[in-house]
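Let me begin by presenting the structure, written as structure tokens, before commenting on it.
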Amino acid sequence: MLNITLKDGKILEVEHGTSIVKIIDRISKKLAKFALVARFNNELVDLNTVLMESGTLEIFDFDSPEGKEAYRHSSAHVMAQAVQNLFPGVKFGIGPAIKDGFYYDFDTEHIFTPDDLEKIEKQIEDILAADYPFVRKELSKEDALQFFRDRNEEYKIELIEALPPGSIISLYSQGDFTDLCKGPHLPSTGKLKAIKLMTLAGAYWRGDESNKMLQRIYGTSFLKKSQLDEYLHRLEEAKKRDHRRLGKELDLFTLEEEGPGFPFFLPKGMVLRNALEEFMREEYRKWEYEEIKTPIILNRSLWEQSGHWDHYKENMYFTQIDDQEYAIKPMNCPGCMIAYKHAQHSYRELPIRYAEMGLVHRHEKSGVLHGLMRVRAFTQDDAHIFMLYSQITDEIKKVIEMIDEIYRVFDFKYNVELSTRPDNAMGEVDIWDKATEDLRQALEELKIPYVINEGDGAFYGPKIDFHLEDSIGRTWQCGTIQLDFQMPEKFDLHFIGEDGMKHRPAMIHRAIFGSVERFIGILIEHYAGAFPVWLAPVQAKILSISENNLDYCARVFQMLKKRGIRVELDVRNEKIGYKIREAQMQKIPYMLVVGDQEMADETVAVRSRATGAQDVMSVDVFVEMIKKDIDQKK
RNA sequence: GCCAACAUAGCUCAGUAGGUAGAGCGUCGCCAUGGUAAGGCGGAGGUCACCAGUUCGAUCCUGGUUGUUGGCUCCA
């Protein structure tokens, strides 16, 4: 007999060789219905697994990450089977579960079309109806290789060859489809219900652009049709918040064919942008930064000195002035190095914090451009901090606190990543290790949760990145803190120490918005275009009821303007409902309705964007109210 | 950059078995003076992204170019 310990601590006694399914049947009928996979002695396993030893058992349903992953992973296998049935001879890449679904990569002469997706979905239905069991089989590495060689599955062969010799290789079959797979899977295809194929895409084999491009089909699956519908509905809703759409609707910015990746900011977008920059400048004062501005075009020799010429050339634009070659800056650091060197510095001055709203240009590949999120020209709210080595941890912590404080103003949730040494890195490995350790230590001391992103650092140093989410859950790097021991070396920076000798300062690059453009993109999606009053391009709009009220409206307009409120006046010959609808769609925080009544009482009828509630008050009271919103950044 | 799809009025989109195009919104004009999410009527507005080719004739078919969208990160 075996002793099986359950999640609640209960111990079941079962016979040697009992399957997990049987055990679940004994635990509860309901559980039996919803169970998808299990964890036995810390290993995820199929429910069909037969237990040969005592241990702890945990059961997962669709609501658990483990269950959901297995569900989607099994969905991917079913999709692959459907593709195999419809397109014989197709070769298989990989097919994992991902955040909101799954994908599978295929290699076939046939080019999939959206019509094919429908056909594949029909085929999937049949496979679900047939309720094929998922059967696990374990082979030696040699036998597994033979199996896939017989089927000419070159990608599977490559995957198996990468495994250590002597490995036990598991295969999963359902019906006439067999795939190399670690598992676990659901008991049978009939457990799957609502599967939908979403999109087609190209994807390089193993994510390496020197490899062949395979055809990827993305799909998702849910326990019930209603959950799937809800998910699709959420996606539709999210699309309405897309910053590219709102940017157009609210006249914030535009992207034109004449400048792919070079956004135009329109008057309203510019107001928003200026409000953000003004806010950042207040923060500069508060956190003791000094602001500088360095040139956009600088001589090639500078970029050779900084290492950009060797490490970043493909991303840079160049130009000629007289007979000299110049580069358009892709980063602000080299200019800032020169600014630092302009004078001799004492240890007493450190840390020196130079901030710069720096416009940089980068040649991004055409296929990666995306609205304001990924552009070819953007403004970094950059800063470089020069300091003693003994000040490093404190300075990093200060920057982390500053970022956290600023993101809080917008009510952002963010993820933190620590990115380590990339392949094209400049400098010694042990210096990198030291820098990485400094960053890690600061995160640990502040108890900030983070994940490590191997090999994703900048070429001159490791970094802490702050990622924000867009409306459909894609994350974008915004804030960044990068520790750099290379630039001070390359530019021979120094300060005069207590001993009267020259010493090398340490340096941090940091940005908080990251890119003002990207940050605006995120903000638009975050607020769905309904900006808080302090950011709203138009904070209040005066709507006249009839021609009788024109003079009074103009007076109110002037009063508000004088008090610094961003106000617009709508005195067109339209009905009030029409004007309100328009102002509402422009997401203007306050509408001030003015008719005969208000004119007589010297008031305005304030309608709130959020609630639609009306409140009649004097202009002074309204100004006081809206000023309070602005001050509190509401 | 690579794979696929898409590109028609300022915006959102319809359309043509190949015979140079339509709606709604917006804009402009006139009428209505209207009290909290669209009042009525009328007008203007298009080299159907660009360049070639096929054809008597191309917005439509073919090829190329440009741009846009989704993906190329999730590792059996």
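The values are calculated or read from the model by the stated rules, or taken from the named source; none is laboratory data. Being a predicted model, the structure only gives us computed values, none of them experimental. Note that each Cβ is placed from the backbone with ideal geometry, even for glycine, and that neighbours are counted across all protein chains shown. The area values use the complete protein model at the heavy-atom level, side chains included, leaving out ligands, DNA and RNA. Shrake-Rupley method; radii C 1.70, N 1.55, O 1.52, S 1.80 Å.
Let's see if you can work this out: charge +1 on each Lys and Arg Cβ, -1 on each Asp and Glu Cβ, no other charges. What is the dipole magnitude of the stretch A:540-631 about its Cα centre, in debye to the nearest 20?
460
Could you list which residues have their amide H under 5 Å from that of A:SER167, counting only those 5 or more apart in sequence or on another chain, with H placed in the peptide plane?
Correct list: A:LYS141.
As a test, work out the antiparallel percent of DSSP beta bridges whose residues both lie in the stretch A:540-631, rounded to the nearest 5.
In the stretch A:540-631, approximately 50 percent of DSSP beta bridges are antiparallel ones.
Taking the Cβ of A:GLU325 as the centre, find all other residues whose Cβ is under 13 Å away and add up their charges (Lys, Arg: +1; Asp, Glu: -1).
Neighbourhood net charge equals -1.
Under a 1.4 Å probe, what is the accessible area of the stretch A:540-631 per residue, stated in Å²?
On the way: 5050 Å² over 92 residues.
Accessible area per residue, the stretch A:540-631: 55 Å².
How far apart, in nm, are two points set 7 Å out from the Cα along the Cα-to-Cβ line at A:VAL616 and at A:MET52?
So the label points at A:VAL616 and A:MET52 sit 8.6 nm apart.
Report, in debye and to the nearest 20, how large the dipole of the stretch A:68-237 comes out about its Cα centre when Lys and Arg carry +1 and Asp and Glu carry -1 on their Cβ.
The dipole of the stretch A:68-237 has a size of about 500 debye.
Run lengths n ≥ 4 of DSSP H only: what is the helix-derived mean residue ellipticity at 222 nm for chain A, with -39500 (n - 2.57) per run over all residues, to the nearest 500? It would help to have the intermediate numbers written out before the result.
Values: 20 runs with 228 residues, N = 634.
One gets -11000 deg cm²/dmol as the mean residue ellipticity at 222 nm.
Return the sequence-ordered ³J(HN,Hα) values of the stretch A:403-417 in whole Hz as given by the Karplus equation 6.51 cos²θ - 1.76 cosθ + 1.60 applied to θ = phi - 60°, using x for Gly and Pro.
In residue order, the calculated couplings are 4, 4, 4, 6, 5, 4, 4, 9, 6, 8, 8, 9, 10, 10, 10 Hz.
Please compute the net charge surrounding A:ASN41, taking Lys and Arg as +1 and Asp and Glu as -1 over other residues with Cβ under 12 Å from its Cβ.
Local charge sum for A:ASN41: -2.
Please work out how much length the chain gains when fully extended from A:SER170 to A:GLU13, using 0.36 nm per residue of separation minus the C-alpha to C-alpha distance, in nm with one decimal.
Numbers: separation 157, 0.36 × 157 = 56.52 nm, distance 2.91 nm.
Taking 0.36 nm per residue and subtracting the Cα distance, the gain is 53.6 nm.
Sorted by mean Cβ packing within 10 Å, highest first, what order do the peptides A:159-165, A:421-427, A:101-107 take?
Listed from highest to lowest mean packing, they are A:101-107, A:421-427, A:159-165.
Between A:ASP310 and A:ILE111, what length in nm is gained on full extension when 0.36 nm per residue of separation is reduced by their alpha carbon distance?
This chain segment gains 67.7 nm when fully extended.
Distances longer than 29 Å among the Cα atoms of the stretch A:68-237: what percent of all pairs is that?
Summing the P(r) tail past 29 Å for the stretch A:68-237 gives 17 percent.
Could you tell me the calculated FRET efficiency between A:LEU2 and A:LYS182, based on Cβ-Cβ distance and R0 = 25 angstrom, to the nearest 0.05?
It comes to 0.50.
Can you give the charge dipole size of chain A about its Cα centre, rounded to the nearest 20 debye, using +1 on the beta carbon of Lys and Arg and -1 on the beta carbon of Asp and Glu? Present the calculation step by step, with values, prior to reporting the outcome.
Working: 84 positive and 105 negative charges, 312 e Å.
Dipole about the Cα centre, nearest 20: 1500 debye.
Can you tell me which of A:200-213, A:587-600 comes out highest on packing, and rank the rest after it, using the mean Cβ neighbours within 10 Å?
Output ranking for A:200-213, A:587-600: A:587-600, A:200-213.
Quick one: which of A:370-383, A:319-332 comes out on top by average Cβ neighbours within 10 Å, and what's the full order, highest first?
Peptide ranking by packing, descending: A:370-383, A:319-332.
What's the FRET efficiency of A:GLU237 with A:SER546 using the Cβ-Cβ distance as r and R₀ = 35 Å, to the nearest 0.05?
FRET efficiency, A:GLU237 to A:SER546: 0.40.
Bins of 5 Å, beginning at zero and ending with the bin holding the largest distance: percent of Cα pairs per bin for the stretch A:540-631, please.
3, 15, 29, 28, 19, 6, 1
Of A:MET316, A:MET337, A:LEU223, which is farthest on the positive side of the dipole of the stretch A:217-353, counting Cα position, with +1 on Lys and Arg Cβ, -1 on Asp and Glu Cβ, and the Cα centre as origin?
About the Cα centre, the residue reaching furthest to the positive side is A:LEU223.
How much length is gained if the chain between A:TYR204 and A:PHE34 is pulled fully straight, taking 0.36 nm per residue apart and subtracting their Cα-Cα distance, in nm to one decimal?
Full extension of this stretch gives 57.6 nm more.
Based on alpha-carbon atoms only, what is the radius of gyration of the stretch A:429-574 relative to the globular estimate 2.2 N^0.38 Å?
Taking the Cα Rg and dividing by 2.2 N^0.38 Å, one obtains 1.73.
With a ≥ b ≥ c the root eigenvalues of the C-alpha gyration tensor of the stretch A:44-109, is it rounded (a/c under 1.5), prolate (a/b larger than b/c) or oblate?
prolate
Can you compute the modelled spin-label distance between A:PHE262 and A:HIS503, with each label point 7 Å from Cα toward Cβ, in nm?
4.6
Go through the stretch A:336-352 residue by residue and turn each phi into a ³J(HN,Hα) via Karplus (6.51, -1.76, 1.60, θ = phi - 60°); whole Hz please, and just put x for glycine and proline.
Each residue of the stretch A:336-352 in turn: 5, 4, 5, 4, 4, 6, 4, 9, 7, 10, 9, 4, 5, 7, 6, x, 9 Hz.
Rounded if a/c is under 1.5, else prolate if a/b is larger than b/c, else oblate: which is the stretch A:2-60, with a ≥ b ≥ c the root eigenvalues of its Cα gyration tensor?
The shape class here is rounded.
For A:LYS10, list the aspartates and glutamates whose Cα falls under 16 Å from its own Cα; do not include residues on the same chain fewer than 8 positions away.
Correct list for A:LYS10: A:ASP25, A:GLU58.
With point charges of +1 on the Cβ of Lys and Arg and -1 on the Cβ of Asp and Glu, referenced to the Cα centre of chain A, which listed residue (A:THR436, A:VAL594, A:GLY455) lies farthest in the positive direction of the dipole?
The residue sitting farthest along the positive end of the dipole is A:VAL594.
Please calculate how many Å² of accessible area the stretch A:2-60 carries per residue, with a 1.4 Å probe and no DNA, RNA or ligand atoms counted.
60
Over all distinct Cα pairs, what is the inverse of the mean 1/r for the stretch A:250-330, reported as the Kirkwood hydrodynamic radius in Å?
Kirkwood hydrodynamic radius for the stretch A:250-330: 15.8 Å.
Determine the alpha carbon to alpha carbon distance for each of A:LYS268/A:LYS562; A:LYS33/A:LYS182; A:LYS68/A:LYS463; A:LYS248/A:LYS541; A:LYS119/A:LYS224; A:LYS137/A:LYS212 and list only those over 27 Å.
Going by Cα-Cα distance, A:LYS68/A:LYS463; A:LYS137/A:LYS212 fall outside the 27 Å limit.
Toward the positive end of the charge dipole of the stretch A:68-237, about the Cα centre and with charges on Cβ (Lys, Arg +1; Asp, Glu -1), which of A:GLY93, A:THR178, A:LEU192 goes farthest?
A:LEU192
Show me, for the stretch A:178-184, the HN-Hα J-couplings you get by feeding each phi into the Karplus relation (A = 6.51, B = -1.76, C = 1.60, θ = phi - 60°), rounded to Hz, glycine and proline as x.
10, 9, 5, 6, 6, x, x
Could you estimate the translational diffusion coefficient of chain A from the Stokes-Einstein equation, with Rh from the Kirkwood formula over C-alpha pairs, at 10 °C and 1.306 mPa s, in whole µm²/s?
Taking Rh from Cα pairs, D becomes 54 µm²/s.
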